[in-house]
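Below is one structure, written out as structure tokens; the observations come after it.
Just so you know, all these numbers are worked out from the coordinates, no wet-lab data involved. If you're wondering where the values come from, they're calculated on a predicted model, not measured in any experiment. Here Cβ is always computed from backbone atoms with ideal geometry, including for glycine, and neighbour counts include all displayed protein chains.
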Amino acid sequence: MEKKFEVKDLITIGIFTALYFVVTFVVACLGFVPIFMALMPLIGPIFAGIPLMLYFSKIKHFGMISVTSIIIAILMFITGHPYPIFIFCIGAGLLTELVLKLGNYESIRHCVIGSATFSLWLLGMVIAFFFGFREEYFASLVNGYGQEYVDTMMSYTPQWMFFAMIAMCLIGGTIGGLLGAKVLKKHFRKAGMA
């Protein structure tokens, strides 16, 4: 049942956006090892699945995920990601809003699907490895990470890898969603979700 947007929803958005961002940021720190950066679209959503599913259990109306996606886009842009991060974050947020709404905010199955669709925002983190940004972006990493890291990352990210990363987001998001649903089974039951 969809409810009216209230002040407590803003508090919920703030708490769970911060929690989700911190978990994602910690996992992203594994990216100092090139193979983990290439696998981030798979690994990140698995670890972030529990807090994301808990957040989904608190959502009762349209708009909360959109606000979360805008906040994440701003934080990622501030931390140095190129402007397409906004497109991917907001797009993934709106898609997830629709998925949750189709389940009337009461379906665990739709929450798991939403975990997969929301994970697509991570493509905005890696888009610079690919189309239109590749040479400039990798050149900008040399000073901070070294030429060896950059060469390794370039070898791990041929253009076709972007499409593999789409699949990684969806698979990782689904695994994270299922893991979150299992861990939070009692919580979902208490929230009246099936």
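Quick one, what does Rg over Rh come out to for segment 1-78 if you take C-alpha atoms and the Kirkwood Rh?
Taking Rg over the Kirkwood Rh, I get 1.04.
Here is the P(r) of segment 35-124: all C-alpha pair distances, binned every 5 Å from 0, give 3, 16, 24, 26, 19, 9, 4, 0 in whole percents.
Tell me, how many Å apart are the Cα centres for segment 66-119 and for segment 137-186? Comparing the Cα centres of segment 66-119 and segment 137-186, I get a distance of 17 Å. Against the chain, whose longest principal axis is taken from its Cα atoms, helix 147-156 shows a tilt of about 60°.
Overall shape of segment 96-194 was characterised from the C-alpha gyration tensor. The equivalent ellipsoid obtained from it has semi-axes of 37, 13, 10 Å, in decreasing order. Pairwise Cα distances in the chain exceed 25 Å for 33 percent of all pairs. Rounded to the nearest 10 degrees, what's the angle between the helix 40-58 long axis and the longest principal axis of the chain, both from Cα atoms, 0 to 90? With rounding to tens, the tilt is 20 degrees. Exposure here means at most 10 other Cβ atoms within 10 Å; with trypsin sites (Lys or Arg not before Pro) in a DSSP loop as sites, the longest stretch of the chain lacking them is 5-194. Rounded to the nearest 500, the 222 nm mean residue ellipticity of the chain from helices alone is -24000 deg cm²/dmol, with -39,500 (n - 2.57) taken per DSSP H run of at least 4 residues.
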